[in-house]
Every structure is written in structure tokens, then in C-alpha cells.
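Comments concern the structure below.
FYI, it's all coordinate maths here, none of it is from the lab. Note that the structure is predicted; figures quoted are calculated from it, not measured. Cβ: placed from backbone, ideal geometry, glycine included. Neighbour counts: every protein chain shown.
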């Protein structure tokens with residue numbers, strides 16, 4: 001299909017927890033099994049849902065966010081996907097109209113038809129009213145239809161279907177079924193690679209979806225949902241090879257898994273060679289010029305990480321050689337002296353930064369943030385359940401979009417020697433020059 005005719009739908013919901021990821025992954029899996037190329041995107045900052053999308057589609061997954069990644073970046077990624085794919089699926093974030101910008105803003109900007117997924121487990125006739133409201137709240141927003149999730153029975157499905165005013169808007173019902181429930185934990189869905197039967201769950205969901213009107217549609221049947229991109233900017237120039245000849249070691253395992261594919265791409269486009277290692281299993285850093293410790297779940301592996309003294313010593317040698325380290329969120333947490341888990345148990349960590357990190361039961365921070373560095377502004381976000389008490393020097397603080405940093409707000413950027421660390425998750429393509437500075441020490 002051409003870039004102008006590839007069908008593209010945005011799977012949204014009235015709130016979080018309605019089943020967007022299950023439906024998006026099931027639809028991707030259904031079409032991928034039939035030999036089609038499916039490209040899935042995630043609206044907004046999210047590390048976890050894309051693991052399921054990638055497993056379902058067999059394709060890399062990227063984020064679309066009108067602020068963090070920018071409208072031009074969104075346009076370029078959608079245009080490229082439309083040239084390559086038979087179907088584009090975008091999973092929304094939170095509720096359809098939640099956030100600034102929202103999933104609805106993205107749908108209107110790029111002509112993405114909205115499929116609303118509604119958890120109908122505790123409703124009947126109200127389902128139709130809710131679907132009607134989602135469709136008509138923003139009249140300019142393209143609309144595909146509505147799908148009921150967690151439905152109790154065929155009789156229940158019939159009531160829901162009858163509540164929808166326009167019969168063509170009814171795209172079916174998924175029954176409540178533990179066979180395709182995606183497991184969760186405190187930061188969201190469990191990473192797909194940690195779920196032994198992950199693919200079986202997606203296949204079960206795809207099988208269930210195949211029996212619905214949505215599941216019976218081919219891309220040709222979806223032609224009326226064709227992507228209609230507005231005229232876009234000229235392709236961005238390839239960034240200067242500011243990291244040419246440099247090797248960056250990237251921690252990647254069950255403890256450090258919050259990695260955007262676009263960030264890896266950006267480092268490689270800057271000329272870096274990437275090597276991956278596991279802090280849970282490896283006793284020495286790979287040969288490298290700089291190190292990236294991304295976010296993840298160090299709190300779930302605190303004892304194993306703290307006991308890896310050999311790797312800690314290898315990292316200390318890296319620092320003694322004044323080689324840069326960029327550590328974000330979970331990657332920062334393991335650098336402190338102590339991590340106190342949610343049950344109050346203390347775990348000694350690597351003690352390369354002074355201080356203690358404490359897990360708590362509720363969110364400590366959430367939302368888009370920006371970090372002003374000497375080499376320019378980096379966009380990104382923050383999302384964590386822990387708090388940090390440290391005497392480490394603070395170089396800068398993040399700020400909300402469009403605001404100036406304040407000494408008593410935002411996320412601290414700690415530094416010590418060649419380490420820079422923060423709860424802030426950076427979106428590297430937002431400023432490749434500032435990104436390169438993180439790994440050369442020139443932005444310190």
C-alpha cells in the first residue's frame with residue numbers, strides 16, 4: 001500500500017486500565033500471523049507496553065508524542081511506517097483526552113481514526129452513552145468505532161451492542177478471559193520477556209479478536225481509515241558524528257530495561273558503537289569509552305546487584321579513568337549507598353554516590369520534564385515510586401515544559417566526577433548535540 005492509503009488506527013480508552021495494550025497487541029499479532037507488516041507505536045512516554053507490541057508485531061516500536069518527540073518526528077515516523085506497512089496501530093495513553101498533549105490531539109493532527117476500547121464489565125446501556133461521548137466530544141477527531149472489553153457473556157455483549165447508536169460503530173466484544181490477561185506490577189505491565197507464556201497470551205487474545213467484526217477486517221476493509229498525513233517538513237539532516245569512534249556500554253537486562261529504541265538509534269546515528277551487558281550477570285564492564293545505565297527495576301533485584309562487587313569495582317575503575325557515566329532513574333538508584341525496598345528492607349548498593357533511595361507505595365513523580373544542559377535542552381519525562389536523600393552535588397534541575405528550572409522543584413541532576421545521574425528519562429533525539437555531550441563529558 002502507498003503512504004497515502006495505509007490504514008492507521010489509534011486505540012484509545014476513557015481511562016487507563018481498560019485494555020488498550022491487550023487490544024493493540026492482539027490486533028497486531030492477528031495481522032502479523034497472517035503475514036502482514038504491522039507497525040505499532042505508543043503515544044506518550046512508555047517503556048513497558050512497547051515490549052508487548054514488539055513481540056506481537058515482530059517490528060521495532062517507537063513513541064509518538066507531540067511534545068516529547070515533537071510533531072516533526074511523529075510525522076516522519078508515521079510517513080516511513082506507511083510506506084513499509086500494511087497496517088499502523090497507535091496505542092493511546094491514559095484516557096483519550098487526558099494530558100497535554102493528549103492522544104486525541106495526536107489523532108486530529110495526523111488523521112488517525114480512533115478505536116475506543118471500553119471495559120464494559122460493570123455496565124450495560126451506559127456503554128453506548130460513553131461511546132457516543134468519546135466520539136462526539138471533539139467533532140473533528142476521526143472515528144473508527146468502539147470495542148467492548150472484559151464482557152461477561154454473549155447476552156451481555158448483545159446488550160452492549162444494542163446500546164450503540166450507530167450499528168457500524170460496533171466493532172465487537174472481547175470476553176473476560178485469564179488466558180490473555182497481561183500481568184502487571186507497580187510501574188505498569190510486566191515486561192513481556194519476563195513472562196514465560198507471553199506469546200501464548202497474545203495468541204489467545206488474537207484468537208478471541210479474530211471472532212469480532214474488527215478481527216475479521218483486512219487492511220483493504222480498513223481503507224476508509226487510511227492515514228492522511230498533512231504535508232510534512234523536509235527530512236531532518238543526519239546529526240553530526242559527534243560520537244564517532246566511541247564505544248558506549250549500555251546496561252540491559254531485567255533490572256535495566258527502560259530503553260527507548262529511538263535512543264539507541266540516536267546514539268548510533270551520532271556514530272557510537274553500542275555494546276550491551278548485564279549488571280545482574282556480568283562481573284566486568286565491556287571495553288568502552290562511556291556508560292549508560294538506563295532505568296528499570298533495580299528494587300526487584302537489589303540484593304543481587306548489591307552483591308555484584310566485581311562489577312562495582314569495574315565501574316569504579318571506569319570512573320577513576322574519568323570516563324563518562326549517564327545514569328537515569330533505576331540506573332541512578334543502584335549507584336547510591338543504600339536502597340530501601342517497599343517492605344522496608346535495606347540493601348547495600350554500589351556506593352558510588354552518597355545517599356539512600358527509598359521505595360514507597362505511591363508515585364513520587366510523574367510527567368513530562370525538560371533538562372537544560374550547556375549543549376541545549378533535552379526533553380523527556382519522569383516516573384518513579386522512590387525518593388532520594390543524597391548529599392551529592394546538584395548541577396541542574398529539570399522543569400515542566402515551557403518553565404524555567406527552580407532550585408526547589410523538578411528532578412535533580414546529580415554529579416560526582418564523571419558521573420551524571422537523575423530520575424529524568426531523556427529522549428535523546430530531542431537534542432542529539434546535548435545527548436552526545438552526556439557521553440563525552442563535554443556538557444558537564
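How big is the gap, in Å, between the Cα center of the range 3-81 and the Cα center of the range 120-170?
That distance is 22 Å.
On a full-extension model of 0.36 nm per residue, what is the gain between residue 273 and residue 313, subtracting their alpha-carbon distance, rounded to one decimal in nm?
Gain in length upon complete extension: 12.0 nm.
Take the alpha carbon gyration tensor of the range 8-63, find the square roots of its eigenvalues, order them as a ≥ b ≥ c, and report rounded if a/c is under 1.5; if not, report prolate when a/b exceeds b/c, else oblate.
Judged from the Cα gyration tensor, the range 8-63 comes out prolate (a/c at least 1.5, a/b above b/c).
Using alpha-carbon positions, what is the distance between the centroids of the range 96-117 and the range 370-427, in Å?
Taking the Cα centre of each part, the range 96-117 and the range 370-427 sit 29 Å apart.
Suppose the chain between residue 223 and residue 362 were pulled fully straight at 0.36 nm per residue; how much longer would it get relative to their current alpha carbon spacing?
45.6 nm
If neighbour count is taken as other Cβ atoms inside 10 Å, put 288, 6 in order from fewest to most.
The fewest-first ordering by Cβ neighbours comes to 288, 6.
For the chain, what is the largest minus smallest coordinate of the Cα atoms on each principal axis, given in angstrom and ordered from greatest to least?
Principal-axis extents of the chain (Cα, largest first): 68, 51, 42 Å.
Only counting other Cβ atoms within 10 Å, I'd like 423, 62 sorted with the fewest neighbours first.
62, 423
Simple spin-label model, 7 Å along Cα-to-Cβ: residue 351 to residue 80 in nm?
Once both label points are built, they end up 4.6 nm from each other.
Kindly state, to the nearest 0.05, the FRET efficiency for residue 177 paired with residue 338, given R0 = 41 Å and r defined as their beta-carbon distance.
0.45
By how many degrees, between 0 and 90 and to the nearest 10, does the Cα long axis of helix 309-320 differ from the longest principal axis of the chain?
70
With a 10 Å Cβ neighbour count serving as the proxy for reagent exposure, in which order, fewest first, do 163, 418, 218 appear?
Least crowded to most crowded, the residues run 218, 418, 163.
When the chain is fully extended, how far beyond the present Cα-Cα distance does residue 165 get from residue 15, taking 0.36 nm per residue of separation?
Length gained, residue 165 through residue 15: 51.8 nm.
Please determine, in degrees from 0 to 90 and to the nearest 10, the orientation of helix 198-210 with respect to the longest principal axis defined by the Cα atoms of the chain, where the helix direction is its Cα long axis.
For 198-210 against the chain, the angle is about 20 degrees.
Tell me the angle of helix 126-136 to the major Cα principal axis of the chain, expressed in degrees between 0 and 90 and rounded to the nearest ten.
70
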